[in-house]
Amino acid sequence: MGPGRIEDYALLSDLRTAALVGLDGSVDWLCLPRFDSPSVFARLLGDGDCGHWRIAPTAAVREVRRRYRDNTLVLETEFRTDDGVVRLVDTMPPRERDGIDQPCLVRVVEGVSGEVEVGMRWVVRFAYADSVPWVRRITRDHQQCILAVAGPDAVLLRGDRLPFRVPHERAHSATFTVAEGQRLAWAMEYVADLDALPPSVDPAAVVRSSERFWLDWTSRATYTGPHEWAVHRSLATLKALTYAPTGGIVAAPTTSLPEALGGERNWDYRYCWLRDATLTLLAFDNFGYSDEAVAWRDWLLRSVAGDPADVQIMYGVTGKRHLIEWEADWLPGYQGARPVRIGNAAHRQMQLDVYGEVMDALHLARERGIAETPDSWAMQRGLLAHLETMWQEPDQGIWEVRGPARHFTHSRVMVWVAFDRAIRAVEEDGLPGPVDRWREIRAQVHAEVLDKGWNAEVGAFTQYYGGTELDAATLRIPAVGFLPGTDERVLATLAAVERELKHGDLVARYTTGAETSPVDGLRGREGSFLACSFWFVDALALAGRRAEAEAMFERLLGLVNDVGLLAEEYDPAAGRATGNFPQAFSHLALVNGAALLYGTPETRTRHERSRRG
């Protein structure tokens, strides 16, 4: 049996790694011990034999209801059958709260009414489903457990009933009856050292502790405007995608979920993109999470430290630089979408816009009272000195195209941002720097974009100099302060994007088709990029079309799934979510769109002050 629809999954996280749980009660994706580690459950990219852990009634299910408890990441799934109702409670305890040294997935079945036969199927496959473990029973703390081992990898399962056949069965199953008021629980833990197995845990206590952690965290949110539930769920999702030891945030916890169903646009997003820096700082600091904003700033500074010529567009959660891309050719892929890629070759691309993103993020940090570290300004001056020497070169752009390098308009706009924020650091914060030279370059870049990025025949800023194609990234021009939102060229670009790239409320990044794209070098169409749809909302608001912006924002919220999560893209023809899931960029765009539309006067004033050009 293959995986469910992308939008049918819910997220669990311990702030080091994450699991995806389907509507059918199956954990279909889990990498241990970190977001970017090899998977233990990979049914998401194949079938049941690729690893999963399913707990669900054996009889036909008439209805499934699920929710997160309040604003937590404790997930409840209720299965309603003709014989009664059972509730499945899932969580991964954040280790910074529970004193648990290694990842732990806790699952509890509660009888709500009647008597329901429940089946469990536990299939462990290490190394992206390439390694079948040896499974045996052991006794730990006077409790029967099951240990699965393959080379350096091991997990330990313990719980109330473990009638599996061992050793070395390829799949392990059990059935049991759960009556009203009865509770059964299991915990699966990662084992880093076979000579030091983890002590037993109390699943009920772990659920309570996880719930307290998330309630404490979400109670700090200061947002009380419209659509509060969606904003708070997005903030919790961003926290869930955070690697606690460093503060880095992964773009998504998954790899190779296709941007087009059945297509080849499949990428590994389990890494941290510098491009997310500005949006992340805004999202956290605007709504009361200054500690998280500081942690992200510190991760950013550590990651880009070194020779400015060596700055990458993305890093591992620990700051790792080498994210070598390869293909797991034994995995069938999500509903047949291949290849399945591990690693991301785009980490070696030159994308000039990241210099603007980094400088903008650190500018925002200063705006919000996050002090520069002793070496941070020197590092930023080094980045600017390097950018001075190569800003006129072509690059791969914001969308990391694998076609020819070009002079992308958005990249040049962000080069302008880099020098603009450096100038403001001198003018507003009193930091030292060659401000006259920076002003000259800023003016040169601005004039060049207006001359070469604007196409009078098309009546819009185009994707790259000399081209006629449109790009939704140009919607960010007013958001970063390059031109006012009411500038006639911005309004014309907004109209062109609306005409060519907007389909209903969904906005494509750029035009793709059945043939190989001359821009990105890939075949096939992709879904509409959800962040671009929220950027369109921002552009409407900045153009003074607030009522339209609010109405579109509300309609876009209809794309969140039943537990408030968004994928990277949405395929309007198929009515399906596509791309990696859940996607930080989508949730960042949602949160910051809410800040622009509904934030407090202070928030909007700070936003406008930070964005002015």
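Taking the conditions (1) under 21 Å from PHE79 (Cβ atoms); (2) at pLDDT below 90; (3) not in a strand (DSSP E or B) in turn, SER173 satisfies each one other than (3).
Condition check ((1) touching a Gly at 6+ places or on another chain (Cβ under 6 Å); (2) outside any helix (DSSP H, G or I); (3) basic (Lys, Arg)) across all residues:
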residue: LEU540; (1), (2), (3): no, no, no
residue: GLY544; (1), (2), (3): no, yes, no
residue: ALA547; (1), (2), (3): no, no, no
residue: GLU550; (1), (2), (3): no, no, no
residue: GLY558; (1), (2), (3): no, no, no
residue: GLY564; (1), (2), (3): no, yes, no
residue: TYR570; (1), (2), (3): yes, yes, no
residue: HIS587; (1), (2), (3): no, no, no
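If you go through the range 331-383 and keep only what is in contact with a Phe, Trp or Tyr (Cβ under 9 Å, 6 or more places away or on another chain), over 23 Å from GLU292 (Cβ atoms) and part of a helix (DSSP H, G or I), you end up with ALA346, HIS347, ASP353, TYR355, LEU383. Within the range 433-474, restricting attention to residues that are buried (at least 19 other Cβ atoms within 10 Å of the Cβ) and among the hydroxyl-bearing types (Ser, Thr, Tyr), the residue that is nearest to the chain's Cα centre (by Cα) is THR474. Could you say which residue among THR246, THR255, THR237 is on the phi < 0 side of the Ramachandran plot, in contact with a Phe, Trp or Tyr (Cβ under 8 Å, 6 or more places away or on another chain) and buried (at least 21 other Cβ atoms within 10 Å of the Cβ)? Going through THR246, THR255, THR237 in turn, just one is on the phi < 0 side of the Ramachandran plot, in contact with a Phe, Trp or Tyr (Cβ under 8 Å, 6 or more places away or on another chain) and buried (at least 21 other Cβ atoms within 10 Å of the Cβ): THR255. Note on the range 278-330: residues that are basic (Lys, Arg), buried (at least 20 other Cβ atoms within 10 Å of the Cβ) and in a loop (DSSP other than H, G, I, E, B) total 0. Residues in the range 112-141 that are of a type in the set (Gly, Ala, Ser), within 33 Å of the chain's Cα centre (by Cα) and either surrounded by 23 or more Cβ atoms within 10 Å (Cβ to Cβ) or at positive phi (or both): ALA127, ALA129.
The strands (runs of 3 or more DSSP E) located wholly in the range 61-101 that include 1 or more residues which are of a type in the set (Phe, Trp, Tyr) occupy 63-68, 75-81. Residues considered: LEU301, LEU261, LEU274. Of these, the only one that is out of contact with any strand residue (DSSP E or B) (no Cβ under 9 Å at 6 or more places or on another chain), of a type in the set (A, V, I, L, M, F, W, C) and in the same structural domain as GLY579 (by TED's automatic domain parsing) is LEU301.
Scanning the range 197-218 for residues that are without any contact (Cβ under 8 Å) to a residue 40 or more places away in the chain and not in a helix (DSSP H, G or I) returns a single hit, ASP202.
The values are calculated or read from the model by the stated rules, or taken from the named source; none is laboratory data. Computed from a predicted model, the values in this text were never measured in an experiment. No Cβ is skipped: glycine too gets one built from the backbone with ideal geometry, and neighbour counts run over all protein chains shown.
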